[in-house]
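Engineer: My questions all concern the structure below.
The values are calculated or read from the model by the stated rules, or taken from the named source; none is laboratory data. Every value quoted in this text rests on a predicted model; they were computed, and no experiment measured them. Cβ placement follows ideal geometry from the backbone for every residue including glycine, while neighbour counts extend to all protein chains displayed. These accessible areas exclude ligands, DNA and RNA; they are computed on the full protein's heavy atoms, side chains included. Shrake-Rupley method; radii C 1.70, N 1.55, O 1.52, S 1.80 Å.
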Amino acid sequence: MKLATYRNGSRDGQLVVVSKDLKRAVMVPEIAPTMQYALDHWDDVEQKLRESYMALNNGKFSDDIAFHQDECESPLPRAYQWADGSAYVNHVELVRRARNAEMPESFWEDPLMYQGGSDSFLGPRDNIEMPSDEWGIDFEGEIAIVTGDVPMAVKSDNAEKYIRLVMLVNDVSLRGLIPGELAKGFGFFQSKPSSAFSPVAVTPDELADAWKESKLHLPLRSTYNGELFGEPNAGVDMTFNFSRLVEHAAKSRPLAAGSIIGSGTVSNKQGTDHGSAISEGGVGYSCIAEVRMIETIRDGKPATGFMKYGDTIHMEMLDASGQSIFGSIEQKVVRYDGPE
């Protein structure tokens, strides 16, 4: 089934059930007023939500409405937890190689993960407001999952049953601020502003054969300033699947329903040391930083700049028939002039 959150003036918005073709929606406040409520009461409401989804697809509602992605918040406008992994170790390896640093062998066995801010997610069509466009603004195309209540110390072979929803994410990064923060030895904070998630979140079964081995096996398309920038397959070169990421996050703590775990930047090796841009017949990339790494390894220095005011990013994933699964993230970088 497909779920979204409409803006309604409150912090958490209004849960809506969305048709498979993303054309119609219905509000079901008698079942679940918000996405977080649905996740908190999943065992009680899941079947009712599924019945509503089937009825919507079959035209059984008289009070359904046209679905407009512009009206959406991120599926969870705020969340109890946002933990972002780095499951595509190819991406991490390129980062290390670009600065002539060796890759620790442990990175292939133990996931990297940081805890990001989850109190102010952007909507999928919200602008990326920044006080400066000299901070190295970058997009990062990722897949994310939303969990139910996960017990501490769950093992990966038993973790998939706690995955409730799947969605896309633009994990906005400020590359110019990252080195200074990491040099302090205490991790990201200012360099990781608010992220944006796809208009629609879907249950894993909605993905059919594309969801297997706790991975989503479809290309993630990123279009930057109107040109296709990348379409790497999210199921390829994913060293740690989502079950493994859930295990990692829950090693020493339980996870509350509504916790979001990201995959990290989707990245494919493409059979070469340097990757390959769309213009070169490759699958391209899911962030600007990876292009700059390739340029540094190949040419000794980067040539591609980061995002500036006015630049746009569009992210979407299509199923085998060409139908959009999650709707699209569409954002523009604009100047933030400070509080009123």
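Engineer: Kindly evaluate residue 78 against the criterion of being within 18 Å of the chain's Cα centre (by Cα) and either modelled with pLDDT under 95 or open to solvent by 20 Å² or more (accessible area, probe 1.4 Å) (or both).
Structural biologist: Numbers: within 18 Å of the chain's Cα centre (by Cα): yes; either modelled with pLDDT under 95 or open to solvent by 20 Å² or more (accessible area, probe 1.4 Å) (or both): yes.
Judged against the criteria, residue 78 is a match.
Engineer: With surrounded by fewer than 22 Cβ atoms within 10 Å (Cβ to Cβ), within 20 Å of residue 214 (Cα to Cα) and β-branched (Val, Ile, Thr) as the only criterion, which of 146, 154 stands out? Walk me through how you get there before you give the answer.
Structural biologist: On the way: 146 fails: surrounded by fewer than 22 Cβ atoms within 10 Å (Cβ to Cβ).
None of the other options fit; the residue is 154.
Engineer: Taking the range 66-91, which residues are touching a residue at least 60 places away in the same chain (Cβ under 8 Å) and more than 21 Å from residue 32 (Cα to Cα)? If you could, list the steps in order and put the result at the bottom.
Structural biologist: Step one: list which residues in the range 66-91 are touching a residue at least 60 places away in the same chain (Cβ under 8 Å), which gives 67, 69, 71-91.
82, 83, 84, 85, 86, 87, 88, 89, 90, 91, listed by residue number.
Engineer: When you scan the range 256-273, do you find a residue that is of a type outside the set (S, T, N, Q), more than 17 Å from the chain's Cα centre (by Cα) and surrounded by 23 or more Cβ atoms within 10 Å (Cβ to Cβ), even just one?
Structural biologist: Taking the range 256-273 first, the residues of a type outside the set (S, T, N, Q) are 256-258, 260-262, 264, 266, 269, 271, 273.
If we keep only those that are more than 17 Å from the chain's Cα centre (by Cα) as well, we get 256-257, 269, 271, 273.
Cutting the leftovers down to surrounded by 23 or more Cβ atoms within 10 Å (Cβ to Cβ) gives us none.
No, every residue in the range 256-273 fails to be of a type outside the set (S, T, N, Q), more than 17 Å from the chain's Cα centre (by Cα) and surrounded by 23 or more Cβ atoms within 10 Å (Cβ to Cβ).
Engineer: What pairs come up if the first residue lies in the range 137-156 and is closer than 30 Å to residue 231 by Cβ and assigned by the TED database to the domain that holds residue 170, the second is polar (S, T, N, Q) and part of a loop (DSSP other than H, G, I, E, B), and their beta carbons are under 7 Å apart, counting only those six or more places apart or on different chains?
Structural biologist: From residues that are closer than 30 Å to residue 231 by Cβ and assigned by the TED database to the domain that holds residue 170, the pairs are 140/265; 140/286; 141/265; 141/286; 142/263; 142/265; 143/263; 144/263.
Engineer: Still on this structure: Taking the range 212-236 as the search range and keeping residues that are of a type in the set (A, V, I, L, M) and closer than 18 Å to residue 145 by Cα, which one is farthest from the chain's Cα centre (by Cα)? Explain how you work it out, then say what you get.
Structural biologist: Residues of the range 212-236 of a type in the set (A, V, I, L, M): 216, 218, 220, 228, 234, 236.
With the extra rule that they be closer than 18 Å to residue 145 by Cα, the set shrinks to 216, 218, 220, 234, 236.
Values: 216: 12, 218: 14, 220: 10, 234: 11, 236: 16 Å.
Result: 236.
Engineer: Okay, next question. Quick one: in the range 123-142, which of the residues that are out of contact with any helix residue (DSSP H, G or I) (no Cβ under 8 Å at 6 or more places or on another chain) and farther than 25 Å from residue 180 by Cα is least open to solvent (accessible area, probe 1.4 Å)?
Structural biologist: 123
Engineer: Still on this model: Does residue 303 meet the test of being free of Cβ contacts under 8 Å to residues at least 60 places away in the same chain, crowded, with 16+ Cβ neighbours inside 10 Å and within 19 Å of residue 97 (Cβ to Cβ)? Break it down into steps so the answer makes sense when it comes.
Structural biologist: Values: free of Cβ contacts under 8 Å to residues at least 60 places away in the same chain: yes; crowded, with 16+ Cβ neighbours inside 10 Å: no; within 19 Å of residue 97 (Cβ to Cβ): yes.
No.
Engineer: Continuing with the same structure: Please identify the pairs in which a residue from the range 313-326 that is in a loop (DSSP other than H, G, I, E, B) has its Cβ atom under 7 Å from the Cβ atom of a residue that is among the polar types (S, T, N, Q) and at pLDDT 95 or above, counting only partners at least 6 apart or on another chain.
Structural biologist: 326/198
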